[in-house]
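Below is one structure; the comments refer to it alone.
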Amino acid sequence: MRTVLLLTAFLAAFVSAPVRAQPERAPAPLVVGVAEMPPYAIRLEDGAWSGLAVDLWRITAEELGLSYRLVDAQGRGLADGLAQGRFDLALPALADAEAERAVDFTVAIEPAAIGVARPRSNGVLEVARNLFGFQFLAVVASLSVLLLAVGAVVWAIERRRNPEQFSPGLVRGLGDGFWWAGVTLTTIGYGDKAPVTLLGRGVAMLWMLVGLVVSAALTASLVTLAGVGDGTRRLVLTDDLGGAVVGARPGSVVAGVLDDAGIAVEPFATVEAGLEGVRAGWIDAFAGPAPTLRAAVTGTLVVAETRARPLRIAVGLPEGSPLVETLDRAFLDRLASPGWAALRRRYGEDG
């Protein structure tokens, strides 16, 4: 009986003793898959990562108190890595309907243009082809109408007081006015024709001032059309790719845009296969997200951006991840801040 009482007392003391709290284990760092896609993700020489999307993630993770480690995901498929559980996040990711079926995306960081990879052509021939295309002819026609209008005004003012330089005849007189407006616009000013009336000189002075702006705009347009300056010009799909056979991934946003523009699309399962098709001459060009193509293209191919920007750069997460809404709020705050504009300028994007 005594033994039973002692055992009962021991059990009561054990039950009433305070339980020592177990220390909470720190959550495992998030595994963030990163694939190189300038300017959103750039692999530096020392192996570190930089870029718009990477820096945005770093700032956001620090604000939210999230621990993480960056993993090189080049060539391993960001969407597949998320779906298979290898990554907790993936950046930068191209948000489209095809990928959305398997993973979730945050709000878009910014839009991305469609790019076109094609063989690098002879510089002189490319400039000549661009300059004598439809857009160049449209610029010339518009400028000619403007010169004719200004020349007609000056001719109407000067034809009676200054018939030696501005012929009273309609056809020849308009020609004199057109010539004067042209040489004045380009600041050549041969001096063979000049208004002598007070009103004519006033119009001439006004045209000289306006001509400075027109001349600058004309120069910029010609440089853009020629595709010289800082690289290649932005392409217009219907003008530059009309009649060409262009490769694209089947079912992608890019393939849909090309099809809507009436461009013949040849399907290729991967970007690498499409680029090889361009090199081998099977297709004239391969279209895809411009950042993706720039990261993949080497050697004899060159990438030109189009004016179409239907793509969205975002951060990818596994389907149903609780982090989506948290990151959405944090990204929206950050993207609306002055610091984001400064960050974009740092990586050569428009602020």
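What residue, among those in region 317-351 that are polar (S, T, N, Q) and touching a residue at least 60 places away in the same chain (Cβ under 8 Å), is nearest to Val107 (Cα to Cα)? Only one residue fits best here, namely Thr326. The residues of region 34-65 that are among the acidic types (Asp, Glu) and within 24 Å of Ala290 (Cα to Cα), listed by number, are Glu36, Glu45, Asp55. Considering region 246-342, the qualifying strands (runs of 3 or more DSSP E), each wholly inside and each with 1 or more residues that are open to solvent by 50 Å² or more (accessible area, probe 1.4 Å) and among the hydrophobic types (A, V, I, L, M, F, W, C), run over 264-267. Within the span defined as region 121-130, every residue fails to be modelled with pLDDT of 85 or more, in a loop (DSSP other than H, G, I, E, B) and within 30 Å of Ala244 (Cβ to Cβ).
Touching a residue at least 40 places away in the same chain (Cβ under 8 Å) and under 21 Å from Leu143 (Cβ atoms): is that true of Val203 in this structure? For Val203, the condition - touching a residue at least 40 places away in the same chain (Cβ under 8 Å) and under 21 Å from Leu143 (Cβ atoms) - is met.
If the condition is being more than 17 Å from the chain's Cα centre (by Cα) and over 21 Å from Glu98 (Cα atoms), then region 279-322 contributes Arg279, Ala280, Gly281, Trp282, Ile283, Asp284, Ala285, Thr298, Gly299, Thr300, Leu301, Pro322. Restrict the check to region 14-31 and report whether at least one residue is more than 15 Å from Ile313 (Cα to Cα), buried (at least 19 other Cβ atoms within 10 Å of the Cβ) and either among the polar types (S, T, N, Q) or modelled with pLDDT of 90 or more (or both). No, region 14-31 contains no residue that is more than 15 Å from Ile313 (Cα to Cα), buried (at least 19 other Cβ atoms within 10 Å of the Cβ) and either among the polar types (S, T, N, Q) or modelled with pLDDT of 90 or more (or both).
With the condition kept exactly as written, say whether any residue in region 170-188 is in contact (Cβ under 8 Å) with a residue 24 or more places away in the chain, open to solvent by 30 Å² or more (accessible area, probe 1.4 Å) and under 19 Å from Ala216 (Cβ atoms). Looking through region 170-188, at least one residue is in contact (Cβ under 8 Å) with a residue 24 or more places away in the chain, open to solvent by 30 Å² or more (accessible area, probe 1.4 Å) and under 19 Å from Ala216 (Cβ atoms). Report yes if some residue within region 215-223 is modelled with pLDDT under 80, hydroxyl-bearing (Ser, Thr, Tyr), under 30 Å from Val302 (Cα atoms) and not in a helix (DSSP H, G or I); otherwise report no. Within region 215-223, none of the residues are modelled with pLDDT under 80, hydroxyl-bearing (Ser, Thr, Tyr), under 30 Å from Val302 (Cα atoms) and not in a helix (DSSP H, G or I).
Candidates Leu199, Leu146: the one that is in contact with a helix residue (DSSP H, G or I) (Cβ under 6 Å, 6 or more places away or on another chain) and either in a helix (DSSP H, G or I) or open to solvent by 50 Å² or more (accessible area, probe 1.4 Å) (or both) is Leu199.
The values are calculated or read from the model by the stated rules, or taken from the named source; none is laboratory data. Please read these numbers as outputs of a predicted model, since none were measured by experiment. Note that we place each Cβ from the backbone using ideal geometry, even for glycine, and neighbour counts take in every protein chain shown. What goes into the accessible areas is simple: the full protein's heavy atoms, side chains included, and nothing from ligands, DNA or RNA. Shrake-Rupley method; radii C 1.70, N 1.55, O 1.52, S 1.80 Å.
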